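The values are calculated or read from the model by the stated rules, or taken from the named source; none is laboratory data. It should be emphasised that the depicted structure is a prediction, and the values quoted were computed from it without experimental measurement. Heads up, the Cβs are rebuilt from the backbone with ideal geometry, glycines too, and the neighbour counts pull from every protein chain shown.
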Amino acid sequence: MPTNDAVALSLAGLSKEFGGLCAVDGVSLDVGPGERRAIIGPNGAGKTTLFSLISGETRPTGGRISLFGRDVTRLAPHRRAALGLARTYQITNLFPRLTALENCLLAVQALTSAKFHLHRPLSRYPAFHDRARAVLEAVGLGDKAEEAVRNLSHGEQRQLEIALSLAGAPRLLLLDEPTAGLSPAESHAMTALLKNLDPAITLLVIEHDMDVAFALTDRITVLHYGKVVADGLAQDVKANALVQEIYLGTS
Ligand SMILES: Nc1ncnc2c1ncn2[C@@H]1O[C@H](COP(=O)(O)OP(=O)(O)O)[C@@H](O)[C@H]1O
Ligand SMILES: [Mg+2]
């Protein structure tokens, strides 16, 4: 089936039950190409589960998912990745003893179907190397290429995770709490980095920090007990009484 670029991501009545718990409960959502959308909501609202459904790591108990106009509801995660989907996780997934550049090289190599010889060092593949350098530069870590990951600051490690997610040149990027655990200065650097990503990349960001969500995106979707309870322009969502009550705790 051909893909269609009029809509990047479309969810229709998407649900996931764990035993008796409905973690994601009939979520319908359309995200246009190049859009930047924040997903907010209290802990346990179903945000991460929603990402796992979109990426294919979790199977829905109901509803449909399409990427670029193509129904991917039953497609394996690697096939969704091949359509241009990438995600990051709440938990760090780096090789601490390898350098920043080596981590990027591994990510680039893992995403290519090109056959290569195991006895030949990865660094001998110039296209991989160029791509790895490019994603490091894209997150502002060009000058840390030769640094071992364990010597990078926490903020830089989170930036490196963004670099890895860019390895396959994604068209739709899902970021799960990119500023979690960062100092205010690191969070600021991360926000700037995300704002500077290629505007062609459609971005869905789960963000705990409302200020970051507002800085990054125009449009916000609020999840509560697995349901979309508000969805719209940041200003409208901010003013929504229900949102203030359940999320901002200002009832
Ligand atoms: N694999 C799982 N098995 C059982 N329950 C789960 C699983 N994953 C998540 N949940 C539950 O689903 C709800 C939503 O979790 P999650 O998607 O992680 O929320 P959020 O990311 O918004 O904090 C929570 O109540 C959580 O305990
Ligand atoms: Mg989560």
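For the stretch 31-56, give me the residue count where each residue is more than 10 Å from ligand 1 (Cβ to nearest atom) and at negative phi.
Matching residues across the stretch 31-56 total 9.
Within the stretch 180-222, which residues are within 13 Å of the chain's Cα centre (by Cα) and more than 25 Å from Gly232 (Cβ to Cβ)?
Listed by number, the list is empty, since nothing qualifies.
Return the pair list, or none, for Cβ contacts closer than 8 Å from residues in the stretch 41-61 that are over 15 Å from Leu75 (Cα atoms) to residues that are away from ligand 2 (no atom under 13 Å from the Cβ) and assigned to a loop (DSSP other than H, G, I, E, B), at least 6 apart or on different chains.
Correct list of pairs: Ala45/Tyr225; Gly46/Tyr225.
Filter the stretch 37-56 down to the residues that are in a strand (DSSP E or B) and either at pLDDT 95 or above or acidic (Asp, Glu) (or both) and list them by number.
Correct list: Arg37, Ala38, Ile39.
Just the residues that are within 16 Å of ligand 1 (Cβ to nearest atom) and buried (at least 20 other Cβ atoms within 10 Å of the Cβ), please, taken from the stretch 191-208.
The answer is Leu204, Val205, Ile206, Glu207.
Where in the stretch 186-251 are there strands (runs of 3 or more DSSP E), lying fully within it, with 3 or more residues that are within 16 Å of ligand 2 (Cβ to nearest atom)?
The qualifying strands (runs of 3 or more DSSP E) are 202-206, 219-224.
Looking only at residues that are of a type in the set (Gly, Ala, Ser) and surrounded by fewer than 22 Cβ atoms within 10 Å (Cβ to Cβ) in the stretch 31-51, which one is nearest to Glu207 (Cα to Cα)?
Checked the stretch 31-51; the qualifying residue nearest to Glu207 (Cα to Cα) is Gly44.
Would you point out which residue out of Gly41, Gly56, Gly46 is within 21 Å of Gly84 (Cβ to Cβ) and within 18 Å of the chain's Cα centre (by Cα)?
Only one candidate qualifies: Gly56.
What residue, among those in the stretch 19-30 that are without any contact (Cβ under 8 Å) to a residue 24 or more places away in the chain and either assigned to a strand (DSSP E or B) or surrounded by 23 or more Cβ atoms within 10 Å (Cβ to Cβ) (or both), is farthest from ligand 1 (Cβ to nearest atom)?
So, considering only residues that are without any contact (Cβ under 8 Å) to a residue 24 or more places away in the chain and either assigned to a strand (DSSP E or B) or surrounded by 23 or more Cβ atoms within 10 Å (Cβ to Cβ) (or both), the one farthest from ligand 1 (Cβ to nearest atom) is Asp30.
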